[in-house]
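Asker: One structure is given below, represented as C-alpha coordinates, and several questions about it will come after.
The values are calculated or read from the model by the stated rules, or taken from the named source; none is laboratory data. All values reported here derive from a predicted model rather than from experimental measurement. The accessibility values were calculated without ligands, DNA or RNA, using every heavy atom of the protein model including side chains. Shrake-Rupley method; radii C 1.70, N 1.55, O 1.52, S 1.80 Å.
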Amino acid sequence: MDMNLIDSPSFSGRKAVTQEQFDNALNQKQKQRRGIIQKFRDFLNRNKPENDPVLKSFESDGSSEMGMSAKEINSSKPNVVLSSDLIDSYGKIIPKGHYQISFSDNDDSKTINFIQGANVYGTIKAIDTKDNWEENAIIYARIVYPSPNVARIIFSNLDVCVEGFARIAEPI
(Lines give C-alpha, C1' and ligand atoms only; values in the text may rest on other atoms or scores of the structure.)
Protein backbone atom coordinates (compact mmCIF):
# COMPACT_ATOMS: atom_id res chain seq x y z
CA MET A 1 0.00 0.00 0.00
CA ASP A 2 1.22 3.49 -0.85
CA MET A 3 1.94 5.39 2.38
CA ASN A 4 1.73 8.75 0.64
CA LEU A 5 -1.85 7.90 -0.25
CA ILE A 6 -2.67 7.17 3.41
CA ASP A 7 -1.18 10.49 4.52
CA SER A 8 -3.09 12.48 1.94
CA PRO A 9 -6.21 14.30 3.18
CA SER A 10 -8.42 12.79 0.46
CA PHE A 11 -7.82 9.21 1.67
CA SER A 12 -8.98 9.80 5.24
CA GLY A 13 -11.86 12.11 4.35
CA ARG A 14 -10.05 15.10 5.81
CA LYS A 15 -9.78 18.35 3.95
CA ALA A 16 -6.58 20.35 3.87
CA VAL A 17 -6.54 23.62 5.82
CA THR A 18 -4.38 26.66 5.36
CA GLN A 19 -2.21 28.15 8.08
CA GLU A 20 -4.63 31.06 8.39
CA GLN A 21 -7.60 28.73 8.91
CA PHE A 22 -5.64 26.80 11.53
CA ASP A 23 -4.69 30.00 13.42
CA ASN A 24 -8.30 31.22 13.35
CA ALA A 25 -9.58 27.93 14.76
CA LEU A 26 -6.93 27.98 17.49
CA ASN A 27 -7.79 31.57 18.46
CA GLN A 28 -11.51 30.75 18.65
CA LYS A 29 -10.80 27.77 20.91
CA GLN A 30 -8.62 29.85 23.20
CA LYS A 31 -11.27 32.58 23.45
CA GLN A 32 -13.84 29.97 24.51
CA ARG A 33 -11.62 28.94 27.44
CA ARG A 34 -11.83 32.39 29.01
CA GLY A 35 -14.41 31.34 31.60
CA ILE A 36 -14.56 32.54 35.21
CA ILE A 37 -12.07 29.95 36.43
CA GLN A 38 -9.52 30.91 33.79
CA LYS A 39 -9.97 34.61 34.56
CA PHE A 40 -9.47 33.93 38.28
CA ARG A 41 -6.33 31.85 37.52
CA ASP A 42 -4.98 34.68 35.36
CA PHE A 43 -5.63 37.15 38.18
CA LEU A 44 -3.69 35.01 40.68
CA ASN A 45 -0.77 34.54 38.28
CA ARG A 46 -0.57 38.15 37.07
CA ASN A 47 2.74 38.86 38.85
CA LYS A 48 4.65 35.83 37.61
CA PRO A 49 7.53 36.71 35.25
CA GLU A 50 6.33 34.29 32.56
CA ASN A 51 3.02 36.20 32.42
CA ASP A 52 4.63 39.62 32.08
CA PRO A 53 3.96 40.96 28.55
CA VAL A 54 7.20 42.94 28.54
CA LEU A 55 9.29 39.87 29.33
CA LYS A 56 7.34 37.78 26.83
CA SER A 57 8.38 40.18 24.07
CA PHE A 58 12.04 39.21 24.48
CA GLU A 59 13.12 36.18 22.52
CA SER A 60 16.18 34.07 23.08
CA ASP A 61 18.92 34.39 20.48
CA GLY A 62 19.94 30.77 21.05
CA SER A 63 23.08 31.60 22.99
CA SER A 64 23.93 30.45 26.48
CA GLU A 65 23.53 32.39 29.70
CA MET A 66 26.88 34.06 29.15
CA GLY A 67 25.80 35.31 25.72
CA MET A 68 28.24 33.00 23.95
CA SER A 69 27.84 29.87 21.90
CA ALA A 70 29.44 26.61 23.00
CA LYS A 71 32.33 27.14 20.55
CA GLU A 72 33.06 30.62 21.91
CA ILE A 73 32.99 29.49 25.55
CA ASN A 74 35.92 27.12 25.15
CA SER A 75 38.06 29.75 23.41
CA SER A 76 37.38 32.47 26.00
CA LYS A 77 40.24 33.55 28.25
CA PRO A 78 39.67 34.20 31.96
CA ASN A 79 41.20 37.25 33.64
CA VAL A 80 43.52 37.35 36.65
CA VAL A 81 45.22 40.07 38.63
CA LEU A 82 48.88 39.67 39.61
CA SER A 83 49.53 41.44 42.89
CA SER A 84 53.30 41.06 42.53
CA ASP A 85 55.85 40.54 39.77
CA LEU A 86 56.46 36.90 38.81
CA ILE A 87 59.36 35.15 37.13
CA ASP A 88 58.09 32.86 34.39
CA SER A 89 59.51 29.45 33.47
CA TYR A 90 62.04 31.04 31.11
CA GLY A 91 63.40 33.67 33.53
CA LYS A 92 61.35 36.55 32.15
CA ILE A 93 59.63 38.92 34.62
CA ILE A 94 55.85 39.20 34.36
CA PRO A 95 54.95 42.64 35.79
CA LYS A 96 52.04 42.89 38.20
CA GLY A 97 48.77 43.84 36.55
CA HIS A 98 45.69 42.46 34.82
CA TYR A 99 46.12 39.56 32.39
CA GLN A 100 44.11 37.15 30.30
CA ILE A 101 45.18 33.56 30.81
CA SER A 102 45.36 31.10 27.93
CA PHE A 103 46.49 27.50 27.71
CA SER A 104 48.50 25.91 24.93
CA ASP A 105 49.32 22.26 24.52
CA ASN A 106 52.30 21.67 22.26
CA ASP A 107 53.69 18.22 21.55
CA ASP A 108 56.49 18.63 24.06
CA SER A 109 54.95 20.83 26.78
CA LYS A 110 51.84 22.40 28.24
CA THR A 111 51.96 26.08 29.07
CA ILE A 112 49.87 28.78 30.74
CA ASN A 113 50.31 32.16 29.04
CA PHE A 114 49.81 35.66 30.51
CA ILE A 115 48.37 37.89 27.77
CA GLN A 116 47.53 41.58 27.43
CA GLY A 117 46.03 42.40 24.05
CA ALA A 118 48.09 40.55 21.45
CA ASN A 119 51.25 40.42 23.61
CA VAL A 120 52.33 37.43 25.66
CA TYR A 121 54.07 38.74 28.78
CA GLY A 122 55.04 35.42 30.29
CA THR A 123 54.74 31.65 30.05
CA ILE A 124 54.51 29.13 32.86
CA LYS A 125 55.07 25.41 32.27
CA ALA A 126 52.01 23.48 33.39
CA ILE A 127 51.11 19.99 34.54
CA ASP A 128 47.74 18.25 34.67
CA THR A 129 45.87 18.41 37.95
CA LYS A 130 42.54 17.33 39.33
CA ASP A 131 42.48 20.06 41.98
CA ASN A 132 39.77 22.43 40.79
CA TRP A 133 39.47 24.27 44.11
CA GLU A 134 35.78 23.33 44.06
CA GLU A 135 35.24 26.08 41.51
CA ASN A 136 31.71 26.39 40.12
CA ALA A 137 32.74 27.98 36.82
CA ILE A 138 33.33 26.24 33.50
CA ILE A 139 36.43 28.20 32.51
CA TYR A 140 38.54 29.90 35.14
CA ALA A 141 42.04 30.84 36.23
CA ARG A 142 43.15 31.47 39.81
CA ILE A 143 46.37 32.53 41.48
CA VAL A 144 47.24 31.81 45.09
CA TYR A 145 50.42 32.38 47.00
CA PRO A 146 51.13 29.23 49.05
CA SER A 147 54.41 30.67 50.38
CA PRO A 148 56.04 34.12 50.43
CA ASN A 149 58.09 33.44 47.30
CA VAL A 150 55.87 31.09 45.21
CA ALA A 151 52.70 31.65 43.18
CA ARG A 152 50.46 28.79 42.10
CA ILE A 153 48.42 29.34 38.93
CA ILE A 154 45.55 27.03 38.00
CA PHE A 155 43.68 27.11 34.69
CA SER A 156 40.67 25.05 33.69
CA ASN A 157 38.36 24.87 30.70
CA LEU A 158 36.06 22.20 29.28
CA ASP A 159 38.97 20.04 28.14
CA VAL A 160 41.77 20.45 30.67
CA CYS A 161 42.68 21.39 34.23
CA VAL A 162 46.34 22.36 34.69
CA GLU A 163 48.50 24.14 37.22
CA GLY A 164 51.88 25.81 37.17
CA PHE A 165 54.22 27.41 39.68
CA ALA A 166 56.20 30.62 39.42
CA ARG A 167 58.66 32.40 41.67
CA ILE A 168 57.76 35.82 42.96
CA ALA A 169 60.32 38.41 41.85
CA GLU A 170 62.19 40.14 44.67
CA PRO A 171 61.41 43.84 44.92
CA ILE A 172 64.30 45.99 43.72
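Asker: If you roll a 1.4 angstrom probe over the protein chains with everything in place, what fraction of the accessible area of region 75-172 belongs to carbon and sulfur, to the nearest %?
Answerer: The computed percentage sits at 50.
Asker: From the backbone phi of region 80-86, what are the Karplus-calculated ³J(HN,Hα) couplings (6.51 cos²θ - 1.76 cosθ + 1.60, θ = phi - 60°) in whole Hz, Gly and Pro given as x?
Answerer: The phi angles translate into 9, 10, 8, 8, 8, 5, 10 Hz.
Asker: Full-extension gain between residue 41 and residue 145, please, as 0.36 nm times their residue separation minus the C-alpha to C-alpha distance.
Answerer: Going from the current span to full extension adds 31.7 nm.
Asker: Starting at the first residue of region 99-104, write each ³J(HN,Hα) from the Karplus equation 6.51 cos²θ - 1.76 cosθ + 1.60 with θ = phi - 60°, in whole Hz, x for Gly and Pro.
Answerer: Values, residue by residue: 9, 8, 10, 10, 10, 10 Hz.
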